[in-house]
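Here's the structure, in structure tokens; my notes come after.
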Amino acid sequence: MVILNDCLYSARDRYRLLTFIDIDEMLVPTNSKGEAINLVKAAQLHSLDDRGGNCALGFRHGVFPPSPKQEKSGEIKMPTSLIGCKIVSLLRRRRIKSILPFTERSKLLVVARQIKEIGIHFVWNSWQSCQTKQLSPSSEGLLHHYRHWAAGEMIEDQSMKWLQRDIETALIGARDRLKHLFGIDLCA
């Protein structure tokens, strides 16, 4: 908890919005049509502000376990420049149907200056009275967790297809910078 709160206080004067997620997780907010949108737009849609009211968006936990058959099938087309990259968030489109209740492995997007103390799965304390808006997993957003998990009924989840181009563009830029600066190829 000390590390999380140190990050919160170190970053709160530089960034309006913060999230604390694991490396194998991604917050995927959606609009009313179910299309993935960026976190800043989600914050605007749900009225996150610096004056109280909603100071955090809560994303419930959905699991996308490995699916070697789907990942090798070529059903998700990658740009030629990214062939060889294993972009798990784009390759896994099947998730376990059941979604955990809020606070069980859920994660948050928070207004940094509103939060006095952050926990892993919820706001412990805020400077003003404010609420965590719990997003509906089916229509507002879901925490995508890419990991092994106990078996369960699987369903298709196409939400990442709306972000695929943005992720590809960011990855190409990062790959090119690392190659130029350090001679490292992310997709080798």
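The values are calculated or read from the model by the stated rules, or taken from the named source; none is laboratory data. Fair warning: this is a prediction, and the values are worked out from it, not measured in the lab. No Cβ is skipped: glycine too gets one built from the backbone with ideal geometry, and neighbour counts run over all protein chains shown. We work out accessible area using only protein heavy atoms, side chains counted, and drop any ligands, DNA or RNA first. Shrake-Rupley method; radii C 1.70, N 1.55, O 1.52, S 1.80 Å.
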For residue 179 and residue 7 in the same chain, what is the full-extension length gain: residue separation times 0.36 nm, less their Cα-Cα distance, in nm? 59.0 nm
Given a 1.4 Å probe, the accessible area of the chain per residue, as a whole number of Å², is 57 Å²
Could you rank 14, 113, 105 by how accessible they are, 1.4 Å probe, largest area first? 14, 113, 105
Once all protein chains are kept in place, residue 179 shows an accessible area at probe 1.4 Å, nearest 10 Å², of 110 Å²
To test your reading of the geometry: what angle, between 0 and 90 degrees and rounded to tens, separates the Cα axis of helix 164-182 from the longest principal axis of the chain? 80 degrees
Helix-only estimate, please: 222 nm mean residue ellipticity of the chain, summing -39500 (n - 2.57) across DSSP H runs of length 4 or more and dividing by its residues, to the nearest 500. -7000 deg cm²/dmol
Residue order for 123, 2 - accessible surface, 1.4 angstrom probe, largest first: 2, 123
Once neighbouring chains are kept in place and the probe is 1.4 Å, which whole percent of the accessible area of the chain is contributed by carbon and sulfur? 54 percent
Restricting to Cα pairs below 8 Å that are 6+ residues apart, what does the relative contact order work out to for segment 1-182? Please round to a whole percent. 35 percent
Tally of Lys pairs whose C-alpha atoms are under 23 Å apart, taken over the chain, 8 or more apart or cross-chain: 26
Inter-probe distance in nm under a simple model that places probes 7 Å from Cα toward Cβ, at residue 162 and residue 41: 0.7 nm
Which longest uninterrupted range of the chain lacks any GluC sites (Glu not before Pro) assigned by DSSP to a loop state (not H, G, I, E or B) and surrounded by at most 15 other Cβ atoms within 10 Å? 105-152
Working only with C-alpha atoms, what are the Rg and Dmax values of the chain, expressed in angstrom? 17.6, 51
Once both axes come from the Cα atoms, what is the angle between helix 2-11 and the longest principal axis of the chain, in degrees from 0 to 90, rounded to 10? 90 degrees
If one computes P(r) from the Cα atoms of segment 95-188, what percent of pairs lie at distances over 20 Å? 59 percent
Net charge contributed by nearby residues that have their C-beta within less than 11 Å of residue 22 (K/R +1, D/E -1): +1
Express in Å², to the nearest 10, the accessible area of residue 169 obtained by rolling a 1.4 Å probe over the protein heavy atoms while all chains stay in place. 90 Å²
